[in-house]
1. Using a Cα-Cα cut-off of under 19 Å, which aspartates and glutamates could be cross-linked to LYS241, ignoring same-chain neighbours fewer than 8 residues away?
2. In debye to the nearest 20, how big a dipole does the chain give about its Cα centre with +1 on each Lys and Arg Cβ and -1 on each Asp and Glu Cβ?
3. Dividing the Cα convex hull volume of the chain by residue count, how many Å³ per residue is that?
4. List the pairs from LYS162/LYS252; LYS145/LYS271; LYS86/LYS180; LYS43/LYS189; LYS25/LYS66 whose alpha-carbon separation is above 27 Å, in the order I gave them.
5. So what is the relative contact order for the chain, in percent, with contacts set as C-alpha pairs under 8 Å and at least six apart?
6. For the stretch 203-252, what is one quarter of the convex hull surface built on the Cα atoms, given in nm²?
Amino acid sequence: MKSIILSLVIFTTATVNAQDHTLEKIWETDSVIAVPESVLPAKKNLFVSLIDGNPWDVDGKGGVAKLGTDGSILNAAWITGLNAPKGMGIKGNRLYVADVSQVIIIDIKNGRITGNIAIEGATGLNDITINDKGIMYVSDSKTAKIWRIEKDVPALYLDNVKGVNGLRAVGDDLYIGAGKLFMKADANKQLTQVAEVTQGIDGIEPVGNGDFLLTAWGGYIWYAHAGGRVETLLETHPQKKNTADIGYDPKKRIVYVPSFFAKTVAAYRLK
């Protein structure tokens, strides 16, 4: 276990105006999605976590919806009875969902909850990522911790990660949204800063060439280059639409955006 000390290798902290990429809207659902927080593409479907209430309430009102990649609503109540669910990850036939103080395990084929992984002291589990070795990481935004889960057994991985939210495992590295800072922890938990944006980071998705898409819940999507340069791709805050934990299809270059309180999911093509 290690605490974060902000002695970082800083590549850049500036957002510049050069624009190499854009987002082109393909479709958007009607305002019928019950407070969507996260979208996870899975073959021909999209899993969408539904808070359906206040962001951190333990109220049993939340769930998971299943959409088609064309925006069609296949099952608006595929899973029910969750508590403000947020980030998701898939391993085999299991869908894992962050649920305030525990990680819910769902059998995808049968569409039912089969278990949970309780995390001691957790009060704000937020994002989930699973690496290619099947090791899961989950952030706790309220206690500033990142947990590592292997074979359904949790262990504290990093502590004192101020503003922690979005996570993404790439190889042996773990990319972290720590407030406005986009960070990378290597296999030895050595931390470097990749970039800095103007709002707290929520979603993190690799483009596939060392670059990343980043979002802020307030209504911003950025393209972060491996060298630290940042482009602003989308601002939806003037329309009072959030941009929470996005999903991304790297083959089709489609970004799926949950708008949280605006109750829609939209698809954009990255160009």
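Throughout, read-outs are computed from the coordinates displayed, never taken from laboratory work. All of these numbers come straight from a predicted model, not from anything done at the bench. So basically every Cβ, Gly included, is an ideal-geometry build from the backbone, and we count neighbours across all protein chains shown.
1. Of all the aspartates and glutamates, those that pass the test against LYS241 - Cα under 19 Å, at least 8 places apart if same chain - are GLU24, GLU28, ASP30, GLU37, ASP52, ASP202.
2. On the way: 30 positive and 29 negative charges, 78 e Å.
That gives a dipole near 380 debye.
3. Details: hull volume 31.0 nm³, N = 271.
About 114 Å³ per residue, rounded to a whole number.
4. Values: LYS162/LYS252 34 Å; LYS145/LYS271 35 Å; LYS86/LYS180 20 Å; LYS43/LYS189 32 Å; LYS25/LYS66 21 Å.
Those over the limit are LYS162/LYS252; LYS145/LYS271; LYS43/LYS189.
5. About 20 percent, as a whole number.
6. Working: hull surface 14.0 nm².
That works out to 3.5 nm².
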